[in-house]
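The next block holds one structure in the form of structure tokens; read it before the comments.
The values are calculated or read from the model by the stated rules, or taken from the named source; none is laboratory data. What you see is a predicted model; the values in this text were computed from it and never measured. No Cβ is skipped: glycine too gets one built from the backbone with ideal geometry, and neighbour counts run over all protein chains shown. Surface accessibility is based on the protein's heavy atoms, side chains included, excluding ligands, DNA and RNA. Shrake-Rupley method; radii C 1.70, N 1.55, O 1.52, S 1.80 Å.
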Amino acid sequence: MSFLRRRKSKVSTIRSESKLELQKGMDASREDREKSGETSTLPMERPKLSLAEKITRLEERLNTADTRSSPPKHIAVIRNLAKGYMKLGGKEDASYYVKAENLFKQFNVLYPLHMEKIDWVAWIEASAKARLIREARNLLAEARLLFPGDEDLDVVETEVLHIDHAKANENI
């Protein structure tokens, strides 16, 4: 046992000395960079992508073999793409709400057990904003069975009623 104790102490001193040398080298290189005017050794940051570019990339990844073979990846792509469609629907074109609603239908068919309350709420919002009021009310009733007494569903129900009322006023 004494052999192990001696070896352990030698290893720890060697490691501590090497850490000091490494730190000294890092400090020296930092000082050299500061003198030469460089700020960082890291590569330039990626350019920010617009929402439309992000959606285009997600659409390309949606039905690839790599994504479809891994359900968690596929679920993440569907959720992110639907969120992007919801954001674009408010800014540019209301047809994006229909696309988001169709994605949630696909999600419910492929992975019904993985749908969370947030997904249901977003699906109901997408249906209501796509002017599919009957569909939104049916989804709301189904979500109430899954999540009884949930306050988020009350808020979404209010939004659906407001959209339905606005739609009725437009038709008059």
Exercise. When you scan the range 43-72, how many residues do you find that are among the charged types (D, E, K, R), farther than 18 Å from K99 by Cβ and open to solvent by 100 Å² or more (accessible area, probe 1.4 Å)?
Worked result: 4
Exercise. Which members of the range 119-170 meet the condition of being among the hydrophobic types (A, V, I, L, M, F, W, C), touching a residue at least 24 places away in the same chain (Cβ under 8 Å) and open to solvent by 90 Å² or more (accessible area, probe 1.4 Å)?
Worked result: L146
Problem set entry | Selection count, the range 105-116, where residues are part of a helix (DSSP H, G or I), over 17 Å from M86 (Cα atoms) and in contact (Cβ under 8 Å) with a residue 12 or more places away in the chain | 3
Exercise. Of the numbered conditions (1) open to solvent by 80 Å² or more (accessible area, probe 1.4 Å); (2) over 28 Å from I55 (Cα atoms), K83 satisfies every one except a single condition; which is it?
Worked result: (2)
Problem set entry | Residues of the range 127-172 classified as within 20 Å of Y96 (Cβ to Cβ) and part of a loop (DSSP other than H, G, I, E, B), total | 3
For this session: Restricting attention to helices (runs of 4 or more DSSP H) lying wholly within the range 1-70, give those where 1 or more residues are over 30 Å from L81 (Cβ atoms), of a type in the set (A, V, I, L, M, F, W, C) and modelled with pLDDT under 85.
Result: 2-36
For this session: Answer yes or no: is there a residue in the range 136-146 that is of a type in the set (G, A, S) and in contact with a helix residue (DSSP H, G or I) (Cβ under 8 Å, 6 or more places away or on another chain).
Result: yes
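To keep it simple, each residue is scored yes or no on (1) under 17 Å from T56 (Cα atoms); (2) in contact with a strand residue (DSSP E or B) (Cβ under 8 Å, 6 or more places away or on another chain); (3) modelled with pLDDT of 90 or more; (4) open to solvent by 30 Å² or more (accessible area, probe 1.4 Å).
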site: I78; (1), (2), (3), (4): yes, no, yes, no
site: G89; (1), (2), (3), (4): yes, no, no, no
site: D93; (1), (2), (3), (4): yes, no, no, yes
site: L103; (1), (2), (3), (4): yes, no, yes, no
site: V109; (1), (2), (3), (4): no, no, yes, yes
